[in-house]
Amino acid sequence: MDERKKQGWEKIRWAQDHMPVLALLEARHEPEKPLLGKRVAMAIHLEAKTARLALALKNLGAEVAVTSSNPLSAKDDVASALAEEMTVHARGEATEEQYREFLLKVLSIRPHLVLDDGGDLAHLLHTEAWALGEEALGVCEETTTGVIRLRQWENEGRLRFPAVAVNDARMKSLFDNRYGTGQSVWDAIMRATNLLVAGKTVLVVGYGWCGRGIAQRARGLGAEVVVAEVDPVKAAEALLEGFRVAPVREAIKEADLVITATGCRDAVTYEDIRQAKEGCLLANAGHFDVEIDVRGLYAQARVRRVREHVEECLLPNGKRVYLLAKGRLVNLVAGDGHPAEIMDLSFSLQLLSLLWLAKEGKTLPPRVYPVPPEIDEYVARAFLESRGVRIDCLTQAQREYLGLA
């Protein structure tokens with residue numbers, strides 16, 4: 001075995017040892033092989049935890065084809081190891097053209113089930129790759145961005161198969177988006193820059209669950225945190241959490257580091273960047289590289305690489321700003337993504353949601369569905385059990401009082 005594959009398997013086995021809920025589900029369902037005869041197409045950041053999920057799906061009987069959901073987030077050693085077990089089309093530092101080609105190759109298996117992260121596979125199945133989705137029973141979506149796209153198609157009457165909004169499950173949004181993003185974003189930024197966080201001013205753009213996690217961890221690291229938000233309710237929440245709240249154009253003038261987490265384009269425009277403090281670091285924790293105006297910045301600035309995943313951008317006004325990970329997901333490009341224990345929960349939801357679609361997909365109208373509550377609760381109880389935690393149960397009298405009997 002070559003060294004790269006060996007390193008990939010080491011990472012996968014380490015993740016496996018720290019994902020007990022997924023292991024429990026795999027052991028429970030493997031004897032019946034519920035996915036036997038089913039083809040599963042996956043586009044999700046290809047690293048060790050993802051590989052563990054793909055292997056679990058294979059062990060439940062599925063034919064699996066995998067690519068990454070971002071041109072820069074595939075880990076080559078993990079991809080090389082996983083390719084010994086299934087079809088893999090991915091490599092780190094892929095071009096936009098190669099990335100699109102990988103997506104189409106994964107869809108060429110004509111999937112019954114789709115596991116998406118950002119909605120790119122679903123988008124292709126609704127456009128140029130329409131014919132490849134004729135046997136699709138449904139899609140499970142991992143991200144806020146992808147769920148937004150699916151709901152837009154549903155509202156327009158264009159959604160062609162059922163979709164499960166895994167992102168919105170309580171055991172996903174409350175944990176993956178907040179604690180996973182909160183930790184992995186700072187891990188990646190500190191690795192990429194090797195700079196101190198304490199004492200700096202951090203501007204967090206967007207105060208959804210991801211923004212909350214990033215802001216909380218920044219405060220824990222000793223930073224002063226400013227939040228920019230367009231939703232007045234979320235802005236009020238940030239204020240009552242003790243953060244300053246201000247518009248991007250105003251706050252960027254004093255920010256040492258700006259992190260976007262909105263799921264929307266142009267959260268930080270080139271005109272905003274022109275107002276930035278000298279030496280400001282720019283990072284994106286949203287799904288696509290459109291939250292920071294990377295194209296406008298590249299068009300106007302003189303750019304040179306100064307560290308792996310760090311580019312110095314000299315603006316026409318003489319200021320320097322530093323772009324991390326080319327404006328793509330900083331925690332995947334410059335780091336290893338969310339902790340294994342967090343992805344254990346998200347991927348357990350994915351696995352059970354795929355099993356639900358495999359069973360029910362043919363009978364479901366093409367709509368966006370929540371994760372069935374019994375799946376959410378099962379994953380929560382399995383997680384607590386894996387940590388040796390017991391909780392109380394309602395008595396019959398309490399259930400009757402609450403109208404649950």
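The values are calculated or read from the model by the stated rules, or taken from the named source; none is laboratory data. Everything numeric here is computed off the predicted structure, so don't read it as measured data. All Cβ positions, glycine included, derive from the backbone under ideal geometry; neighbour counts span all protein chains shown.
Structural remarks
- All positions within region 294-306 that are among the hydrophobic types (A, V, I, L, M, F, W, C) and part of a strand (DSSP E or B): 303, 306
- Total residues in region 229-285, condition in contact (Cβ under 8 Å) with a residue 40 or more places away in the chain and among the β-branched types (Val, Ile, Thr): 8
- Residue count for region 122-156 under the criterion of being touching a Leu at 6+ places or on another chain (Cβ under 6 Å) and farther than 23 Å from residue 57 by Cβ: the result is 1.
- Within region 44-66, not a single residue is over 16 Å from residue 347 (Cα atoms), touching an Asp or Glu at 6+ places or on another chain (Cβ under 6 Å) and not in a helix (DSSP H, G or I).
- Residues in region 373-391 that are at negative phi and not aliphatic (A, V, I, L, M): 373, 374, 376, 377, 378, 381, 383, 385, 386, 387, 390.
- Members of region 274-307 found to be touching a helix residue (DSSP H, G or I) at 6+ places or on another chain (Cβ under 7 Å) and among the acidic types (Asp, Glu), listed by number: 289, 293
- Meets criteria (modelled with pLDDT of 95 or more, in contact with a helix residue (DSSP H, G or I) (Cβ under 6 Å, 6 or more places away or on another chain) and of a type in the set (A, V, I, L, M)) for residue 355: no
- Condition check for residue 335 on (1) buried (at least 24 other Cβ atoms within 10 Å of the Cβ); (2) modelled with pLDDT under 95: one failure, at (1).
- Candidates 180, 119, 213: the one that is in contact with a Ser or Thr (Cβ under 8 Å, 6 or more places away or on another chain) and in contact (Cβ under 8 Å) with a residue 40 or more places away in the chain is 180.
- Applying the criterion of being buried (at least 19 other Cβ atoms within 10 Å of the Cβ) and of a type in the set (Lys, Arg) to the residues of region 124-177, the residue that is farthest from residue 377 (Cα to Cα) is 149.
- Note on region 263-277: residues that are touching a strand residue (DSSP E or B) at 6+ places or on another chain (Cβ under 6 Å) and in a loop (DSSP other than H, G, I, E, B) amount to 2.
- Qualifying residues in region 186-201 (those that are β-branched (Val, Ile, Thr) and assigned to a helix (DSSP H, G or I)) - the one surrounded by the most Cβ atoms within 10 Å (Cβ to Cβ): 189
- Condition met for residue 221 (surrounded by fewer than 20 Cβ atoms within 10 Å (Cβ to Cβ), modelled with pLDDT of 95 or more and farther than 19 Å from residue 126 by Cβ): yes
- Residue 90 in contact (Cβ under 8 Å) with a residue 40 or more places away in the chain and either of a type in the set (A, V, I, L, M, F, W, C) or in a loop (DSSP other than H, G, I, E, B) (or both): yes
Listed here are the residues, each with its yes/no results for (1) in the same structural domain as residue 74 (by TED's automatic domain parsing); (2) more than 30 Å from residue 57 (Cβ to Cβ); (3) β-branched (Val, Ile, Thr).
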site	(1), (2), (3)
272	no, yes, no
276	no, yes, no
290	no, yes, yes
295	no, yes, no
312	no, yes, no
320	no, yes, no
323	no, yes, no
343	yes, no, no
346	yes, no, no
